[in-house]
Amino acid sequence: MCGIAGVVSFHPIADRLYEGVRHLEYRGYDSCGIAFIEDHHHITIRKDIGTVDEVDGKEQIRRLTAQVGIAHTRWATHGKVTRQNAHPHQSCHGEFAVVHNGIIANYKTLRDQLARTGHKFRSETDTETIAHLIEQRHSECGDVERALVSALRELEGSYALAMISSHDPERIFCARHESPLIIGVGNESNYVGSDFNAFIDYTKDTVILDDGEYGVISRDSYSVKSLRTGEVIDKEITVVPWDSELSRKGGYPHYMLKEIHEQPQAVRTALSIPADEIAAVADMMQDARRVYLLGVGTTYYVALLGQYLLAAVADMDVAALSSDEFRHLDKSDAQSVVLAISQSGETYDTLMSLRHAKGRRAKTAAIVNMVGSSIARMVDRVILQGSGPEVCVVSTKAALAQMILLARLALELGSRRGALSAATRRAHEAALAALPEEIETILNEKSGLIRAAAYRHAQVQNWLFLGRGIYYPIALEAALKMKEVTYVHAEGMAGGFLKHGTLSLVDDKMYTLVFVPPASAGELHSMTLSSVEEVKARGGFVFGFTSNGADDMFDECVGFASGHEFTAPFLPLVAAQLLAYFTATALHRNVDKPRSLAKSVTVA
Amino acid sequence: MKALILTAGAGRNLVPFSETRPKAMTVVGGGPLMARTLAHLREVGVTDVTVVLGQAGEKVKAAFEDGQDFGVHITYVEQGPQGGIVDAILGARGRFIPGEYFILVYGDVVTSANPFHQALQSFNSFKAPIACVCLPGPPTVRYGNVYLSGTRITRIVEKPTTAGLGNYVLAGVFILPVEVFSLMEQAEGDMEEVFGRLVRAPGLNASIWEGGWIDIEYPWDILAANRMVMDTWEEASISRHAVIDGNVTLSGPVRIERGSVIKAGAVLAGPCYIGRNCYVGNNVLVRSYSSLGPGSSIGYGVELKNCVLLGNARIGRLSFVGDSVIGENVDIGSGTMTINGNMDRSPVSVDIRGESIDSGLVKVGSFIGDDVRIGAGNTLAAGTLLRPNTTVPHHATVSAR
């Protein structure tokens, strides 16, 4: 998981390259570097460990006057975080420089072969092998493009890469296989990047590379060719639908808070997606013999919530599976539907699971945020959620919008399957329509209460997040938010599961957050309260997210007025996002880029 | 960009200290609040500052003069003879150029870091009026409650009546178009009214401040603000012109200014601040979050804990001063004890202008106004408040009310 940016222009590119790679930092940020053509004939490299700003401080990247260059921000997979292992990597004679995102499966074999022919390796990375391999092929054929093509054909695994060469100093070469890469078409400048954040300030016209394609980019033209046949492919220009201002923080201290506050809008957008797009996916699922909902991390919990919704509303038996484990359980066939959920549309595990299912001839669909992403393009039907850019590594608005789309899907299927009366459906839809305003009320009137609670309890080391029924996936997702952004241990658990083991952990140092359904939920409400009693009996501190406000049962509680049982579970989720956010600020965490995490995980 | 600092608020709940100085001269982290505001402004390149003065404004003038020592240029605007704030603000109007934006700062808010960086960043992204907002922690009935949609402020509830809300509130830092002066005139200086009108047209954008923020309203807020500022200190610093005996123990971020003398056996636990020309006697214990204003003299064996001495205090030997704020030129006789909590650990109440106000704090000592003289061997109850110039005889016991 890394970020790639490249610019070729009639004008100095240092600022644009620096900004581009900085906007890709969410893809990884343990080291970074750039390679550029100096004096029209040789390659210079500046790289080091640290964030883009730190490396710029040491290497003065923005002072450069070059007009052709590529840059990289790294999230280590092969080799430690060292200056040596930072990209770009060069060949022996420094005539080729490569930046790469992905994993080359057969790099050891290639490396051994190259070492035998005299190539000297300076790093532990798979990427350096590519640079040497291209140099080797160039020494045989004398043409940069042919050398690249020949080298790429030998690579196994996944890659998105960009390359410059002193033998062809006016152009950038790029290619992709199973890792994302797009070209930006500008005015007197052209760009390449892992996604459009690399160049959105300069152009919104993009050309999306597909697997097995490579691109050659110069100042005033670009071409995309097939790696197999070498023929030029006529690609459409895709215009990025949102502008860069949206992906800036605006008046917020962190992207996470910004994106939490954008949820009313994300829900409104999800509700305004045309019904026929939902219906098209419902068509597939209605007649399917088997339905899998797929996601990993947050999106797995979204899928799990979908499973509860489909069971309750549409009387459907579907399986939510985590896509990293999917292949072990996949029993799909031509009568099956696999519905994947992914914000980035590039998640490696989900991509591989979809390939696996396609191999078994299953029909595929997806809910995706990123236009033109791999998953969006590979499935039979896609619902683009249109939540706008989500920059914080921790997903908030994208996940909530996905849940809303699954709710709409459940309503559609419920009607078709006769599990839902027209009146109930109308009531549920009215509840969804009222949700954005209810969320806004929480953001406005409860933020201070939740912040105060977060600061009071910031030193708590262990949290248990309890929920029953549909509040169980909510508890799981809330606990994941807490873990990933605060580094505090939080375990999501079904209320009934607690007494079968985990209850032995509960003491006065273990804090419990309980997601309490409204009293109108009947048994679900009373059973949740019985879990609270179990915790209290062991001296545990119980923090309640309730729908009715204060209740003596809890040591502390925050209440959310919910208009309708159908949408009530989403309100405490928003509150839990705020709790995680404020706990993270109380602990001075790196909110938008938590340690060890990357926005979209495109590696196995 | 230019800045306008409002220091004219009467601060009537900040007794006894507001009786003799404006709130902006309240000391936190070893210096007056306004020095901190000026430093923050200079950091973001704002050096043309207009200060609106109110009651006891001459103290501000005396401390900051033309601003040269603080790297800024200050113009003062005073209230009219009737004490109307409108006159003062309109007096400042001529300093600003129509069509431009300016920074408006309330003189009585303390933040844990420079708030202007983020305010300007927000302004650059919106190119429209900006109000910094923050979450002060409940209850927020002290403030106007802000309602947001995204970062757009949709309404401000001036006197909220609903209990138990946790809204964002105005943080006292704004970036506004100069045309706002006409609104101020129409609203007769009622700033809440001004912001209400701004929200309706042309609109007000929120910049959310997530750092520490304290609005100094009551005297115990001084201690909280002092603590917040000292918590940001990373390093100790000792003037080369301070004299420190042998056998003095220093730990943590201790700041000692020029001319101070620390005698043998003293223990200073940082963060703490010893201003210019202080005398810290033998075996004195200065515990963390204590701040000694310039010229203070602390006798043998005194213990200070979480307290702010505004300056020129004299504390006699074997006294204890904790969780307290001590005004200028206060003389405390030897063996004096400030009791700093109720026996049942219930929150301490303080008599503020005839009304008993619950501080919400378990540890509260005394608030002693300027020029107070306290005889030897006294015991001051938790929450004692002494007005300026009070004299307490030897061996008296002062109850809180």
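A few remarks follow.
- Between B:T161 and B:N13, the C-beta separation translates, for a Förster distance of 25 Å, into a calculated FRET efficiency of about 0.80.
- Shape class of the stretch B:2-217 from the Cα gyration tensor (axes a ≥ b ≥ c, square roots of the eigenvalues): rounded, since a/c falls below 1.5.
- In the protein assembly as shown, the DSSP-assigned H stretches of four residues or longer account for a calculated mean residue ellipticity at 222 nm of -9000 deg cm²/dmol, using -39500 (n - 2.57) per stretch and the full residue count as denominator.
- Calculated on C-alpha atoms, the gyration radius of the stretch B:269-401 divided by its Kirkwood radius gives an Rg/Rh of 0.95.
- For q = 0.08, 0.15 Å⁻¹, Debye-computed log10 I/I(0) when each Cα of chain B counts as one equal scatterer: -0.44, -1.37
- Förster radius 30 Å - calculated FRET efficiency between B:S239 and B:H73 (Cβ-Cβ, nearest 0.05): 0.60
- Tensor-based shape of the stretch A:166-288 (alpha-carbon gyration tensor, a/c under 1.5 rounded, otherwise prolate or oblate): oblate
- When you filter the trypsin sites (Lys or Arg not before Pro) in the stretch B:141-218 for DSSP loop state and at most 14 other Cβ atoms inside 10 Å of their Cβ, you are left with B:R142.
- Sparsely packed trypsin sites (Lys or Arg not before Pro) within the stretch B:211-294, loop by DSSP, other Cβ within 10 Å at most 16: B:R240, B:R258, B:R287
- Loop-located trypsin sites (Lys or Arg not before Pro) in the stretch A:219-313, at most 13 other Cβ atoms within 10 Å (DSSP): A:R228, A:R289
- Placing dummy labels 7 Å off each Cα toward the beta-carbon, the span from B:I97 to A:D507 is 6.8 nm.
- Sorted largest first, the principal axis extents computed over the alpha-carbon atoms of the stretch A:3-240 equal 45, 43, 32 Å.
- The long axis of helix B:219-230 is offset from the longest Cα principal axis of chain B by roughly 90 degrees.
- Pair A:A312, A:A519: separation of 7 Å Cα→Cβ label points (nm): 2.0 nm
- Anisotropy class assigned to the stretch A:141-187 is oblate, per the alpha carbon gyration tensor with a/c at or over the 1.5 cut-off and a/b no larger than b/c.
- Applying a threshold of 28 Å to the alpha-carbon distances of B:K2/B:K23; A:K481/A:K509; A:K249/A:K446; A:K47/A:K225; A:K204/A:K249; A:K204/B:K127 flags A:K47/A:K225 as lying beyond it.
- DSSP loop GluC sites (Glu not before Pro) with at most 16 other Cβ within 10 Å: longest gap in chain B: B:236-401
- Pairwise centroid distance, computed over Cα atoms, of the stretch B:363-379 with the stretch B:36-51, Å: 36 Å
- Rounded FRET efficiency, nearest 0.05, which uses the C-beta distance separating A:Y455 from A:R116 and R0 of 56 Å: 0.35
- Among B:S291, B:S366, B:S349 - extreme Cα towards positive end, dipole of the stretch B:237-398, charges at beta-carbon: B:S291
- For the stretch A:396-554, the Kirkwood hydrodynamic radius comes to 17.2 Å, computed from all pairs of different C-alpha atoms.
- Taking label positions 7 Å along the Cα-Cβ direction at both B:E58 and B:E185, the computed distance is 3.2 nm, reported to one decimal.
- Angle between chain B longest axis and helix B:115-126 axis [Cα atoms, degrees, rounded to 10]: 10 degrees
- Helix runs (DSSP H) in chain A reaching 30 Å along axis by Cα, Kyte-Doolittle at least -0.5: A:422-445
- Under 13 Å from the A:M527 label point (7 Å along Cα→beta-carbon), backbone N, the stretch A:306-323: none
- Rh by Kirkwood over Cα pairs, then Stokes-Einstein D for chain A at 1.306 mPa s and 10 °C, µm²/s: 63 µm²/s
Rule-based calculations on the coordinates, nothing more; no lab input. Just so you know, these numbers come straight off a predicted model, no measurement behind them. Here the Cβ is made from the backbone with ideal geometry for all residues, glycine too, and neighbour counts use every protein chain on show.
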